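K.L.:
For reference, the structure I am asking about is given below.
The values are calculated or read from the model by the stated rules, or taken from the named source; none is laboratory data. This is a predicted model, so every value here is computed, not measured. FYI the Cβ positions are ideal-geometry reconstructions off the backbone, even for glycines, and counts take in every protein chain you see.
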Amino acid sequence: MSETLYEIGPVEVRYPGRAAPALAIAEPLAVARGEILAIVGPSGAGKSTLLRVLAAVEKPTGGQVRFGDETLTPARMLSLAARRRASLVFQRPILLNESVTDNVAYGLRVRGIHGAAARVQHALSLVQLSQLARQPARTLSGGEAQRVALARALVVEPDALLLDEPTANLDPHNVSLIEQIIRAQHTQRAMTSIIVTHNIFQARRLATRVGLLLNGALVEIADTETFFERPRDERTRAFVRGDMVY
Amino acid sequence: MNDLAAGFLRAIELIAAGDASLWEAVGLSFQVSGIALVLAALGGLPLGAWLGLGRFRGRGLAIALIYTGMGLPPVVVGLFVYLFLSRQGPFGFLGWLFTPNAMIVAQVIIALPLITGFVMAAVMGVDPDLRRQLYALGATTTQATIAVIKEARAGVVVALVAGFGGIVSEVGAVMLVGGNIQGSTRVLTTAIVLETRQGQFDRAIALGVILLVISFVINLAVLGLQGRGTLVKS
């Protein structure tokens with residue numbers, strides 16, 4: 001039996017001025033240590049909201065998320081130590097106006113870990129950007145910036161890597177490279193990855209389990225083969241066939 | 001025109017001769033304004049960041065007050081500081097009226113809203129998602145806020161330059177609360193007023209030239225530290 005890292009829900013996130021919840025997962029969803037879970041769904045389905053809650057960047061307005069032995073609720077934030085066990089990579093990487101090395105080292109610096117040049121160098125080599133270590137981050141291309149953002153998240157060796165559309169708008173070379181890195185981390189470190197994407201092909205290539213999120217609700221979740229070959233829900237079938245407009 | 005040209009020539013002579021009373025006023029000007037700038041920055045930097053990044057009830061009112069403060073007439077500030085520090089005033093026991101301390105208090109009050117307002121605008125210009133990204137990388141709220149201020153450093157430098165410019169050049173407040181006492185509270189701006197009233201235009205011009213040149217050099221040095229403050233976005 002695999003160790004559970006996350007137990008998500010029942011959980012709800014509502015925003016002021018919006019009648020419908022942005023996220024409303026009714027049945028508890030367990031995420032095991034070492035699995036790659038892909039959450040697919042159209043734009044506005046609540047995928048990014050889910051990741052922000054999992055990263056404890058945002059508190060739910062109802063329900064709870066259990067992470068390790070701590071619980072995030074509307075009234076209780078995770079401890080700093082627990083929050084630092086997860087790293088979130090955003091769709092749009094915003095790098096600090098510093099060198100590539102300093103950007104990658106940021107997570108270490110805020111944890112009080114200084115002089116960890118070897119770790120930074122290793123993270124940069126993972127994303128194949130060692131040659132740009134001294135370069136100002138502002139000079140990078142979009143794909144390079146996203147790879148730096150990934151290195152910045154990996155350098156702290158998180159238990160959970162949360163990825164929000166990490167390859168949207170990137171060229172095939174960068175997409176392939178980022179997917180390779182995620183797979184390698186999964187194999188070598190048994191790191192848990194939760195990736196939200198509207199790209200069903202990417203979900204199929206990467207994930208061990210896939211879930212469909214629609215209007216904030218989890219419609220169906222299954223192992224990758226079942227999700228794509230024998231989906232139970234008509235909406236999942238429509239999404240997998242590409243019939244769902246988004 | 002002849003008076004002006006003669007004044008400039010005399011100014012150069014005075015500067016070259018190292019006139020003691022002239023350099024005394026120079027020294028006190030930068031001592032008072034320097035201390036006031038540091039104190040105003042210590043308050044204005046965190047206050048500006050808080051107003052720029054925070055979301056709380058009354059924020060709009062606080063911002064309106066800061067904007068009003070950015071246009072405070074120095075002479076009005078001087079009047080209120082005078083009343084508070086005068087013997088009958090609530091802080092009269094300090095005995096600060098007609099001392100450099102009173103001038104520093106007045107200049108802090110003038111510079112604080114300027115620095116706060118410019119810092120607030122600078123941090124509001126930083127991508128709002130940056131804080132969230134840094135937070136998601138394990139930063140505490142304080143660590144993320146410091147990083148945002150660093151990203152806004154170009155605007156922060158402008159805030160400091162504006163604050164310094166606002167106080168080193170003002171005359172109304174320091175005249176009222178300092179009293180323009182030679183050897184004690186006479187600074188460049190009050191000395192310029194005095195020399196002009198006495199018809200000593202050459203000395204007034206000399207003081208004016210020195211004020212401009214030193215301000216220019218200080219601002220040049222500060223701008224050198226500014227660096228480039230643009231965020232990187234893919």
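K.L.:
Can you pull out every residue in the range A:74-87 that is surrounded by fewer than 16 Cβ atoms within 10 Å (Cβ to Cβ) and either at positive phi or polar (S, T, N, Q) (or both)?
P.N.:
Passing the criteria: only A:SER79.
K.L.:
Yes or no: B:GLY178 within 14 Å of chain A (Cβ to nearest Cβ) and buried (at least 22 other Cβ atoms within 10 Å of the Cβ)?
P.N.:
no
K.L.:
Are there helices (runs of 4 or more DSSP H) fully within the range A:147-246 with at least 1 residues that are in the same structural domain as A:GLY34 (by TED's automatic domain parsing) and farther than 24 Å from A:LEU126 by Cβ? List them.
P.N.:
Ranges flagged: A:200-206, A:224-229, A:234-241.
K.L.:
Right, something else. Do we find that B:ARG197 is among the basic types (Lys, Arg), on the phi < 0 side of the Ramachandran plot and touching a helix residue (DSSP H, G or I) at 6+ places or on another chain (Cβ under 7 Å) in this structure?
P.N.:
So B:ARG197 does not fit the description; no.
K.L.:
Continuing with this model, one more query. Any residue in the range B:121-139 that is more than 14 Å from chain A (Cβ to nearest Cβ) and over 30 Å from A:LEU161 (Cβ atoms)?
P.N.:
yes
K.L.:
Among the residues of the range A:106-127, how many are closer than 24 Å to A:GLN180 by Cα and more than 10 Å from every other protein chain (Cβ to nearest Cβ)?
P.N.:
11
K.L.:
Of all helices (runs of 4 or more DSSP H) completely enclosed by the range B:148-234, which ones contain at least 3 residues that are more than 28 Å from A:VAL110 (Cα to Cα) and at pLDDT 90 or above?
P.N.:
It comes to B:153-168, B:172-178, B:188-197.
K.L.:
Something else: Restricting attention to the range A:157-174, which residues are buried (at least 23 other Cβ atoms within 10 Å of the Cβ) and of a type in the set (A, V, I, L, M, F, W, C)?
P.N.:
Residues satisfying the conditions are A:LEU161, A:LEU162, A:LEU163.
K.L.:
Could you list all residues from the range A:26-56 that are surrounded by fewer than 18 Cβ atoms within 10 Å (Cβ to Cβ) and not hydroxyl-bearing (Ser, Thr, Tyr)?
P.N.:
A:ALA26, A:GLU27, A:PRO28, A:ALA30, A:ALA32, A:ARG33, A:GLY34, A:PRO42, A:GLY44 - these are the residues of the range A:26-56 that are surrounded by fewer than 18 Cβ atoms within 10 Å (Cβ to Cβ) and not hydroxyl-bearing (Ser, Thr, Tyr).
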